[in-house]
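Trainee: Below: one structure in structure tokens.
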Amino acid sequence: MWMIVLFDLPVITKKEQKAATQFRKSLLDMGFHMSQYSVYYRLISGKEAIDGFIKDIQRKLPTSGKVDILTITDKQYENIISFSGKIREKKKETPSQLLLF
């Protein structure tokens, strides 16, 4: 499963800018990768782990702004079509899962 966090946070005042920066940094600390400035994604080990990440994100939410969390399967992730300018990027591949003993 993949978790995608999309957000639109106010950044007018210094306090809002600081809150938005702290939220982005907390996502990075949780292992998320930045796709765009307000779109972050992470591979999740399964449906059970999703609830834990949702709770962690909820604890880090700024007092204002909009945050959406989307979960998709590996197959859906592979079907993402990306462009860089007018050039279509290579098809996304699901990373290999590691077996830990």
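Trainee: Look through Val67, Val11 and report the one residue that is more than 16 Å from the chain's Cα centre (by Cα), modelled with pLDDT of 95 or more and open to solvent by less than 100 Å² (accessible area, probe 1.4 Å).
Mentor: Being more than 16 Å from the chain's Cα centre (by Cα), modelled with pLDDT of 95 or more and open to solvent by less than 100 Å² (accessible area, probe 1.4 Å) holds for just one of Val67, Val11, which is Val11.
Trainee: Could you please let me know if Tyr77 is part of a strand (DSSP E or B) and among the aromatic types (Phe, Trp, Tyr)?
Mentor: No, not satisfied.
Trainee: Can you work out which of the residues in segment 45-64 that are of a type in the set (A, V, I, L, M) and either assigned to a helix (DSSP H, G or I) or open to solvent by less than 40 Å² (accessible area, probe 1.4 Å) (or both) is farthest from Gln17 (Cα to Cα)? Walk me through it before giving the result.
Mentor: Within segment 45-64, the first condition is being of a type in the set (A, V, I, L, M), and the residues that meet it are 49-50, 54, 57, 61.
Filter once more, so that each one left must be either assigned to a helix (DSSP H, G or I) or open to solvent by less than 40 Å² (accessible area, probe 1.4 Å) (or both): 49-50, 54, 57.
On the way: Ala49: 30, Ile50: 28, Ile54: 23, Ile57: 18 Å.
Across segment 45-64, the extreme among qualifying residues is Ala49.
Trainee: Got a sec? Which of Arg42, Arg24 is basic (Lys, Arg) and either at pLDDT below 95 or open to solvent by less than 50 Å² (accessible area, probe 1.4 Å) (or both)?
Mentor: Of the residues listed, the single one that is basic (Lys, Arg) and either at pLDDT below 95 or open to solvent by less than 50 Å² (accessible area, probe 1.4 Å) (or both) is Arg24.
The values are calculated or read from the model by the stated rules, or taken from the named source; none is laboratory data. In this text, all values refer to a predicted model and were calculated from it rather than measured experimentally. When the accessible area is computed, the model is the full protein with side chains, heavy atoms only, and any ligands, DNA or RNA have been set aside. Shrake-Rupley method; radii C 1.70, N 1.55, O 1.52, S 1.80 Å.
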